[in-house]
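Take a look at the structure below.
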Amino acid sequence: MRFWLRHEEMALEEMVQRLNAVSKRTDEIMHHDISPLCAADIRDQLQKRFAYLSGGRGQDGSPVITFPDYPAFGDVPDQDFQNVMTYLTSIPSLQDAGIGFILVIDRRQDRWTSVKASILRIAASFPANLQLVLVLRPTGFFQRTLSDLAFRFNRDDFKMKVPVIMLSSVPELHGYIDKSQLTEDLGGTLAYCHSRWLRHRTAIESFALLVKQTAQMLQTFGTELAETELPNDVQSTSSVLLAHTEKKDRAKEDMRLALVEGRRVLESIHEPLARSPDQSPNQDQLDSQSTVHRLLAQLNETEAAFDEFWAKHQQKLEQCLQLRHFEQDFREVKSALDVLAQKVTTFTDVGNSLAHVQHLLKDLTGFEEKSSAAVQRARTLSQEGERLIEHKHYAVDSIRPKCHELRHLCDQFAADVERRRGLLGKSLELHGLLEASMKWCDEGIYLLASQPVDKCQSQDGAEAALQELERFLETGAENKIQELSKIFQDYEPILTKDLLEHVQRVFQKQESVEEMFHRRQASLKKLAAKQTRPVQPVAPRPEALTKSPCPSPGIRRGSENHSSEGSALRRGPYRRAKSEVSEGRQGRGGSTGDEESLAVLRRHVMKELLDTERVYVEELLCVLEGYAAEMDNPLMTHLISTGLQNKKDILFGNMEEIYHFHNRIFLRELENYTDCPELVGRCFLERMEEFQIYEKYCQNKPRSESLWRQCSDCPFFQECQKKLDHKLSLDSYLLKPVQRITKYQLLLKEMLKYSKSCEGAEDLQEALSSILGILKAVNDSMHLIAITGYEGNLSDLGRLLMQGSFSVWTDHKRGHAKVKDLARFKPMQRHLFLHEKAVLFCKRREENGEGYEKAPSYSYKQSLNMTAVGITENVKGDAKKFEIWYNAREEVYIIQAPTPEIKAAWVSEIRKVLTSQLQACREASQHRALEQSQSLPLPTPAGTSPLKASTRNIKKLEERKTDPLSLEGYGGPTPQQRAPEKGKGWSKTSHPSETPEDNDGWSSTEEPVNSSDAEEEGRAGPGKLVPGRYTVTRLDEKGVSDVLALRSGDEVELVQEGDEGLWCVRNLSSGVEGWVPARSLSTLLCQGGPVGCLSSPESSAGSAVLSPSSSCSESCTAALADLQG
């Protein structure tokens, strides 16, 4: 750096010296060092032409200055005369001017007095050497005589050191100066144009001034460049280099224009000669040409000096820019290498299984591959620094240490990765030994469990089984852990506490298996040794008879070919092992081998769970890094189509959230259950809430799929797929989360299948149910988000319980008859959504498109509040139909499910909702009844106060609830038959939280269904209902016949009248009791006597129990709650 600064200072000094010399030589060429006057300065004086330099020369080369006949010569100011004389004498070369000037004074038309005055003025003011003065005296006789006399007597007055010759005529002048050196007005042949001479002189001097100014400008510019402080960053250095280059280009342009100007001046001097080829140039023209050539040479020298300086300065700036790029790249590369080195230190896990170690090795290899770009960049940068040093960069002292540091970091990183790979290789080797030992133990247990007991009872069978065991034990030399101490010694660097315990457990299991083999060998040897006489086999007792298992194919192949029996054992599938072990257990009654076999199967399932989980996490990371992150990469922006910009969240959803959950939490927790796979259900249960993130991903999947279909041909996806070397496109990987959440339930089912007698079986069952619930919720939510036209907030309706498509008929009390009849024969296709607080009816609409774009949408039609809904479970004639009715059957919807199973599921779920509401009402009623009894302790006759009567009725219901027989009295099934046989009704009209507090949960108003026709008929003369026995003659009223188990001809008893128009009715044929609204009874009883007629429409084989209004809901619903309980 210091050398470069000195070098640049020397280059600047050299350029300044050369440019100073150019300026000096320019002044010398123009004689500005002698006379600073220029033609432009005295242009007006020169244009008067009282004296001029024609370019003629004397015989010895003396320059000739001509003073033509100028009448106003005496009027020329002294200063002007002095300037003109000074300028004219400065034009010839110093050599010619040193010979002396010849003055030709033409005064032929003047008087002697003027001649005398002119000579005296010239003699007094002429600034240069004189060789000769020639005066053409006046031509008039008198003036000529006068001049001769006066000159002869006044010679001393002129005070000139050179001779002054008075000439009488022009021919005498030709005797001193050749005619070719005189202008035409003096009888010569020299061509001279004063105006042209003046233009040439002005142009030459202007060009000389331009050359000088150019040299000075370049000198200043060079100083400015040399004194510019070098920036410390790439951007500023680039800006300085660009600015200096632009200034250099402008300076070069100025020099080019100066050269053009010089050539133009030279051409203007050559122009007169070009017109007259036969005319030779005079000395003055030759001098002018020489002057221009010398000025052009100086200009070229100026350009050469600047170019040489600029080359050095540009090299300095370019090297500075190279250095700044190198330093910036060094900082980036060093930062990347530091991050890589930090990541290497995080690779501390040595694995807990063979698959885990293989996964870690794969991760390490992938990490190394991803890091190779940074390492290669560091090595390339180091090589680039070495090239800068070779090319004599001025900052060698700064570049060389950085190159050494880069090589050291790369070598250190490579060594760390290699050391890490060595440790994982050791771990892989150890886990390979452990896996081989475990596999050997499992195959040994399989062999012991699969040996047929009945065949081992004979001597030949025992000997064959004994040989089979011995052959298997011979394989232990290759698969067993031989010396535990040697294992500890060889693998000490990787033996963590957990791994050490694992090694000890495997070794203990190996010893246990060997002990089992030794015991079996001892038994078989006894059997083989004691067979000394034939033994008649005796058939076992029937209760002890079991199926004799067949030896497994793998074992049979092993007995036929000793060399391949090891591989055959290894190929034995776990499922076959389980079935044969269970058969062997039945034959032998043993349980140890069976448990070991189940443990093998559980480990197999756990291994599959872990392996697929690791692959899943790796695939998610690959998508996030290879696609999602690249969408933010500025280098890839040009490949992203307009429709894809700023839509990363739509395309990938919450995949990053899913990845972090599985990578940071779930996978690590799963690995903790490697040795106890039967307890893995706890891991799922503890993280079940986190699995809700899949619902968000699946809800976004249609939008993601639609966006993918629009932009799947985008070059961005193709480039990313090429970089990742994926055979499948992105949409296949976007489907991975959906596939994974469905995979868990399969693995849990498999694990539960082999863990039914284990400690964690209940957790596995609960985890499986929870996962299935999540899948159902995800599926339901996919349909829920497709609902259109609903103005409210669907979340206000509570949790979505079920959804599905049904055929729906309507049977409303209010409406046009023709419309009602038409509706009965032509069902509507509706998609129902059952929420906790309402059931929604929607119309399914298929959309055009493919994939998720073809998913249906649902147009909202109507909704029913669950607080006013009742159901009829069975409809006559179709096991797939049920009824949902609203507001005491004012609106009835006949629902036909696709299958009876779907119908049963829906009825069960609706019953649960209504039951929960009824239970809530009953509890609220009990609470209010207790408060009412405390405030009104005295009983009141029935009918005097609905509120008090209701209180008594509730007390009666509470008493019946404690009595098992009271369940029958409310229309419920007998204790022997809890499930309803035909139709069982459930209804709810008001929620406790909606009841006004001032009425204490009761309403004094009645709906028309209970407050009009029925009660008026009950108060009219002979038709009034009274306690007594009645006979059923017809079944018209829906619900009553089924709840009371009525048939035509049954005898019923009206026990007593309750509050709010309810009657307690007992079926004397079956003993079933129930509360029935008076309105229903009045329409069913005959008017002539105590014979009642209970009937229902034939279209319904069963109907809802009690559709009470709000005035009777509390007492009724309390009883129904007891029924449900």
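The values are calculated or read from the model by the stated rules, or taken from the named source; none is laboratory data. Just so we're clear, the structure is a prediction, and the values are computed from it rather than from any experiment. Note that we place each Cβ from the backbone using ideal geometry, even for glycine, and neighbour counts take in every protein chain shown. Only protein heavy atoms, including side chains, enter the accessible area calculation; ligands, DNA and RNA are left aside. Shrake-Rupley method; radii C 1.70, N 1.55, O 1.52, S 1.80 Å.
Of everything in the stretch 599-621, what is touching a residue at least 60 places away in the same chain (Cβ under 8 Å), among the β-branched types (Val, Ile, Thr) and under 26 Å from LEU735 (Cα atoms)? Give them in sequence order. Result: VAL605, THR612. Just for the stretch 258-299: of the residues that are without any contact (Cβ under 8 Å) to a residue 24 or more places away in the chain and closer than 26 Å to MET15 by Cβ, which one is surrounded by the fewest Cβ atoms within 10 Å (Cβ to Cβ)? The extreme case among them is VAL260. Of the set (1) over 30 Å from LYS497 (Cα atoms); (2) part of a helix (DSSP H, G or I), all apply to ASP278 but (2).
Looking across the stretch 874-888, the residues that are open to solvent by less than 20 Å² (accessible area, probe 1.4 Å), within 18 Å of LEU918 (Cα to Cα) and either in contact with a Pro (Cβ under 7 Å, 6 or more places away or on another chain) or not small (Gly, Ala, Ser) (or both) come down to ILE884, TRP885.
Is it true that TYR697 is open to solvent by less than 20 Å² (accessible area, probe 1.4 Å) and of a type in the set (Ser, Thr, Tyr)? Yes, satisfied.
Return the pairs, sorted by first residue and then second, in which the second residue is β-branched (Val, Ile, Thr) and not in a helix (DSSP H, G or I), the first residue lies in the stretch 366-393 and is touching a residue at least 40 places away in the same chain (Cβ under 8 Å), the beta carbons are less than 9 Å apart, and the residues are 6+ apart or on different chains. Between residues of the stretch 366-393 that are touching a residue at least 40 places away in the same chain (Cβ under 8 Å) and residues that are β-branched (Val, Ile, Thr) and not in a helix (DSSP H, G or I), there is no close pair. Is at least one residue of the stretch 169-176 in contact with an Asp or Glu (Cβ under 8 Å, 6 or more places away or on another chain) and not aliphatic (A, V, I, L, M)? Within the stretch 169-176 (the criterion being in contact with an Asp or Glu (Cβ under 8 Å, 6 or more places away or on another chain) and not aliphatic (A, V, I, L, M)), the answer is no, since none of the residues qualifies. Restricting the stretch 353-385 to residues that are open to solvent by 60 Å² or more (accessible area, probe 1.4 Å) and more than 31 Å from the chain's Cα centre (by Cα), the residue that is farthest from LEU428 (Cα to Cα) is GLU384. The listed residues are GLY643, GLY626, and the only one of them that is of a type outside the set (D, E, K, R), modelled with pLDDT of 90 or more and open to solvent by less than 40 Å² (accessible area, probe 1.4 Å) turns out to be GLY626.
Checking the condition modelled with pLDDT under 90 and closer than 18 Å to VAL615 by Cβ, which residue from LYS756, LYS701, LYS727 passes? It would help to see each step written out before you state the result.
Details: LYS756 fails: closer than 18 Å to VAL615 by Cβ; LYS701 fails: closer than 18 Å to VAL615 by Cβ.
Testing whether each residue is modelled with pLDDT under 90 and closer than 18 Å to VAL615 by Cβ leaves just LYS727.
Residue-wise test of (1) open to solvent by less than 50 Å² (accessible area, probe 1.4 Å); (2) over 30 Å from GLU468 (Cβ atoms).
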position	(1), (2)
ARG400	no, yes
GLU418	no, yes
LYS426	no, yes
GLU435	no, no
MET438	yes, no
LEU448	yes, no
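For VAL680, the conditions (1) out of contact with any Pro (no Cβ under 9 Å at 6 or more places or on another chain); (2) part of a helix (DSSP H, G or I); (3) farther than 30 Å from ASP442 by Cα are fulfilled apart from (3).
If you go through the stretch 393-406 one residue at a time, do you hit one that is in contact with a Lys or Arg (Cβ under 8 Å, 6 or more places away or on another chain) and in a helix (DSSP H, G or I)?
yes
In the stretch 443-456, the residues that are part of a loop (DSSP other than H, G, I, E, B) reach residues that are surrounded by fewer than 20 Cβ atoms within 10 Å (Cβ to Cβ) with C-beta atoms within less than 7 angstrom, at least six apart or across chains, in these pairs: PRO452/SER548; PRO452/PRO551; VAL453/GLY587; VAL453/ARG588; ASP454/SER548.
Output the number of residues of the stretch 503-519 satisfying the condition of being of a type in the set (Lys, Arg) and open to solvent by 50 Å² or more (accessible area, probe 1.4 Å).
Looking only at the stretch 503-519, we keep the residues that are of a type in the set (Lys, Arg), and these are 505, 509, 519.
Okay, now just the ones that are also open to solvent by 50 Å² or more (accessible area, probe 1.4 Å), so 505, 519.
Result for the stretch 503-519: 2.
In summary, VAL350 fulfils each of the numbered conditions (1) more than 30 Å from ALA477 (Cα to Cα); (2) open to solvent by less than 20 Å² (accessible area, probe 1.4 Å) with the single exception of condition (1).
Do any strands (runs of 3 or more DSSP E) lying entirely in the stretch 857-912 carry at least 3 residues that are among the hydroxyl-bearing types (Ser, Thr, Tyr) and within 26 Å of MET782 (Cα to Cα), and which ones are they? It would help to see each step written out before you state the result.
Working: elements: 857-865, 869-872, 881-886, 891-896.
Hits in the stretch 857-912: 857-865.
Considering only the stretch 744-760, state which residues are in a helix (DSSP H, G or I) and buried (at least 16 other Cβ atoms within 10 Å of the Cβ). The answer is TYR744, GLN745, LEU747, LEU748, GLU750, MET751, LEU752.
Within the stretch 474-502, how many residues are of a type in the set (A, V, I, L, M, F, W, C) and loosely packed, with under 10 Cβ neighbours inside 10 Å? Count: 1. Candidates ARG2, ARG43, ARG25, ARG6: the one that is at pLDDT 75 or above and either out of contact with any strand residue (DSSP E or B) (no Cβ under 6 Å at 6 or more places or on another chain) or of a type in the set (Ser, Thr, Tyr) (or both) is ARG43.
One residue stands out in the stretch 229-249 among those that are farther than 13 Å from TRP310 by Cα and among the acidic types (Asp, Glu): the one that is surrounded by the most Cβ atoms within 10 Å (Cβ to Cβ), namely ASP233. When the stretch 761-798 is filtered for residues that are within 33 Å of the chain's Cα centre (by Cα), loosely packed, with under 15 Cβ neighbours inside 10 Å and under 30 Å from GLU890 (Cβ atoms), the ones remaining, listed by number, are THR788, ASN793, SER795. Determine the pairs where a residue that is open to solvent by 20 Å² or more (accessible area, probe 1.4 Å) and at pLDDT below 85, located within the stretch 67-90, has a partner that is assigned to a helix (DSSP H, G or I) and among the hydrophobic types (A, V, I, L, M, F, W, C) with Cβ atoms under 9 Å apart, the partner being 6 or more residues away or on another chain. Filtered contacts from the stretch 67-90: GLY74/ALA117.
All told, LEU466 meets the bar of being hydrophobic (A, V, I, L, M, F, W, C) and surrounded by 17 or more Cβ atoms within 10 Å (Cβ to Cβ).
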